[in-house]
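Presented below is the structure to which this report refers.
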Amino acid sequence: MMAGAQQLNPRLTQRIVLQGTVQGIGMRPWLAANAAELGLNGRTNNSADGVHIDVSGPATAIDTLLARLQGEPPAGALIRHIERYDIAGNDFGGRFLVETGTPQQAADARTDLRTDTAICDACRQEIIDPASRRYRHALNNCNSCGPRAAIQHSAIWARQHTANAPFPLCNECSREYRDPLNRRFHSEGINCARCAPQPQLERVDGRGFALESFTNLDAVDAVASLLMRGEIVAIQGITGFHLACDAGNAGAVTRLRAGKQRPAKPLAMMARDIDIIGQYAELTAAETNALLSPAAPIVLLHKRPGSIKALADTIAPGLNTLGFMLPATALHQLIFMRLEIPVVMTSANCSGAPLCTDLQALRDEVKGLADWVLHYPRDICTPADDSVISIGKHGAQIMRYGRGYVPQTIALPTGFKHRGSIIGSGGPWKSSACILSDNEAVLLPQLGELDAPAMRDRYRDNLSAIARLRNTTVKTVVSDLYQDCPAAAITQQLFSSASVAKVQHHHAHAAACMIDNDIAPDSGRRLAVIFDGMGLGDNGELWGGEFLLADYSRYTRLAALPAVAMPGGALAATQPWRNTWAQLCAGPGWQAVDDNFGALPVIQALRQQPLKQLQHAVAAGTNSPRASSAGRLFDAVAALLGLAPQALQYEAQAAMLLEQAAAKGTVGATNCAITLQPEADLLRWNLTPMWVDLLQGLHNKQPVADLALAFHRSLAQTIAATAQALRNNNAADWPNSDVLLSGGVFQNRLLLNLCIKELNGAGFKPLYHRRLPANDGGLPVGQVAIAAARAQEQL
């Protein structure tokens, strides 16, 4: 009987390798607890290619362990692949061991890098409990929360590979680390007030001070007193320093703006809890959940009408939205214990400079700006700005990809079989990068423009860090067609032995949207509507309002907005009136506009500009490139309606003000027509009727909000009409009903919602971004997907 039972349930010794998000989430403690319950012996450790489990015991017990891994893994785990095979027999001394030694590095790192997560409830309770030994411990964390990528030097999640390595555990933390029943069992980031780096407060001017004059507790609590006194404090966070001040103190906010050289761009705020945020902003259940999520992003919220709570008028001038986040770390939680006010919490850098992560660089950066610095001596390995998301009718959309989301792994859809590493360097603007290895992409934080040397250095450092963490040799660098692209130059220089592939800007947007919607590479082409600022087309022209029929490997351009001059070149992106004038010239004609609508204030204002010089420049093609740019179209309409300033103070300011005005408009109150006309092998939009309708609306003194809404509705209706026309024209070869919506213009929630409605009504299935930014921050993912698909076709 016993021999028969053993035959049915033999004792095996096997190795199991888990790949995916399997490190930094308490996987090894979970394995130890479950192995003990199932009577299994063995050992587990972290490696660059995943979590290794050597296990010995009855086959059915091993099967049960694997079933639990697949059905009920530890919170935060995402197991993408499991390998299981026999190894030489070993009873492992009758125990299951969690090992901390450094395993041999794999050729390629195939474990996901864990994102930094907000403090969990258990750790939060400890820091406010006077009976806890972690009472007021500013860096408190456990297996369920805290910094991961921000302190990680290697693909292997082990303390000796983190920024905590210089701070050995005290005896009590060591006991917790070895205790299988403790939630900090083998938690590589743990510490306590005895063995952690200590927060320190200093004056930026170097003068001495008495801490007792601000607090009876500690340096962290003193910051609350300083903020309430109107001081500006630089505060070290997980992924970089913030600049903080009382959001209701107009003088402090004005001083902070002047120091950052940021005159009008909205400032993010942090508040202690949801109740305080709700005093200033309207909150939906989805927005509340996003604020409370482990990523703890900045969430864009609508201002609460008639709120009696006062914020400085300069927090978000001219806008009815506010950006709020909750405290993500124990340090921030402790600062806010006494604060019942929102606090500006913006990146510690001047305009155009990278986020400060180094104390000495910070001291140099904030001289004359911040009054105080709260810091602790732990390195920041993966710098990132705070993520920004917006939540609308159709879910959440990432506006900026940063802390809490990076560097999560994005698995390519089933059907990609490419091997080898590819880096996508993004485009000329909103610089980011993506590394692809074994069909898993890791997207880096968005940086912005690389004009300043310090920004280029940060981009280079980020690339070097991710290549090191993935422990891989880059075979291909993918770049934009745009020639003067700093990101491409830096990437090609850094990986000089790699081959170089070129990918068209809007094709990459389409591919990124396909990845975001898990579209397989062998599933055919889709219509992609790409509306953004601009990107270089394959014909050498600037594109920005395109209809492409595309799969991952190739595309055909079927329709586009009209190509209109950008007088002044780069100036047209910052001075909207230039686009208004150019669009009116290209549409109804300037003379006809002046003759029929010359009494309008906007036309009189345009007459004051150097129009003759601009006319000569456009006619001669001097510094006036033509672009089919949807972004410049939004600028032009905003300026025509009197919503845009003469010179923009931050990117997309005109478009944001136009969207905000349209949200207050009345449906059907005015007409705004766009027609379609064939042009060679393209279907072009004819905007002339639209401009006449808008001018006539102004002449008739129709509300600007109604005109702004009519413009948005007309765009959505014309997008659907264009899709219908293209499908009718190509009926025999039309692939499916999917329509991809990508590009920075589709971060406009109103436009996106209207497009979804119109496309659904026309029998299409709209697909849009959910995990990746619609703007150029998601571009590198599309680049590597295209390169992988093309390489796969050549096999």
*asked:* Compute the angle between helix 576-586 and the longest alpha-carbon principal axis of the chain, please, reported from 0 to 90 degrees and rounded to the nearest 10.
replied: 50
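Calculated from DSSP H runs of 4 or more alone, at -39500 (n - 2.57) each and per residue, what is the 222 nm mean residue ellipticity of the chain, nearest 500?
That calculation yields -9500 deg cm²/dmol at 222 nm.
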_Packing-based order for 767-779, 618-630, 490-502, using average beta carbon neighbours within 10 Å, highest first_ = 767-779, 618-630, 490-502
*asked:* Using a 1.4 Å probe on the protein heavy atoms only, what accessible surface does Val692 show? Give it in Å² to the nearest 10.
replied: 60
_Once you compute Rg and the Kirkwood Rh from C-alpha atoms, what is the Rg to Rh ratio for region 177-229?_
1.19
*Give the accessible area for Lys664 in Å² (nearest 10); use a 1.4 Å probe, count only protein heavy atoms, and leave out ligands, DNA and RNA.*
140
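Antiparallel DSSP bridges in the chain: what percent, to the nearest 5?
Values: 82 of 116 bridges.
DSSP beta bridges in the chain are roughly 70 percent antiparallel.
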_Descending semi-axes in Å of region 674-750, equivalent ellipsoid built from Cα gyration tensor_ = 28, 16, 9
*When the solvent-accessible surface of protein heavy atoms is calculated with a 1.4 angstrom probe, in what order do Glu651, Glu188 fall, highest first?*
Glu651, Glu188
*What percent of all Cα-Cα pairs in region 370-521 falls in each 10 Å bin, counting up from 0?*
10, 38, 37, 12, 3, 0
_I need to check one value: relative contact order of the chain, counting alpha carbon pairs closer than 8 Å and at least 6 residues apart, in percent._
11
*Taking only the C-alpha atoms, wrap a convex hull around region 205-292 and report its volume per residue in Å³ as a whole number.*
150
*How large, in percent, is the carbon and sulfur part of the accessible surface of the chain at a probe radius of 1.4 Å?*
50
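What whole-number volume per residue, in cubic angstrom, does the convex hull of the C-alpha atoms of region 551-613 give?
On the way: hull volume 8.0 nm³, N = 63.
Residue-normalised Cα hull volume stands at 127 Å³.
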*Per residue Cα convex hull volume for region 542-684, in cubic angstrom?*
156
_Kirkwood-based Rg to Rh ratio, the chain, C-alpha trace_ = 1.00
_P(r) weight above 17 Å for region 17-156, C-alpha pairs, percent_ = 64
*Once you have a ≥ b ≥ c as the square roots of the Cα gyration tensor eigenvalues for region 40-103, tell me rounded if a/c is under 1.5, and otherwise prolate or oblate according to whether a/b is larger than b/c.*
oblate
_Placing one identical point scatterer on every Cα of region 290-329 and ignoring solvent, what is log10 I(q)/I(0) from the Debye formula at q = 0.15, 0.18, 0.26, 0.33 Å⁻¹?_
-0.43, -0.59, -0.94, -1.14
*Any idea of the accessible area per residue across the chain, 1.4 Å probe, to the nearest Å²?*
38
*From zero up to wherever the largest Cα-Cα distance of region 612-722 sits, split into 5 Å bins and tell me the percent of pairs in each.*
2, 11, 18, 21, 20, 15, 9, 3, 0
*asked:* Just to confirm the number: angle between the C-alpha axis of helix 704-729 and the first principal axis of the chain, 0 to 90 degrees, nearest 10?
replied: 80
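The values are calculated or read from the model by the stated rules, or taken from the named source; none is laboratory data. Because the structure is predicted, anything quoted here is derived from the model rather than measured. Glycine also receives a Cβ, built like all others from the backbone with ideal geometry; neighbour counts cover every protein chain displayed. Note: accessible area is taken over every heavy atom of the protein model, side chains too, but ligands, DNA and RNA are not part of it. Shrake-Rupley method; radii C 1.70, N 1.55, O 1.52, S 1.80 Å.
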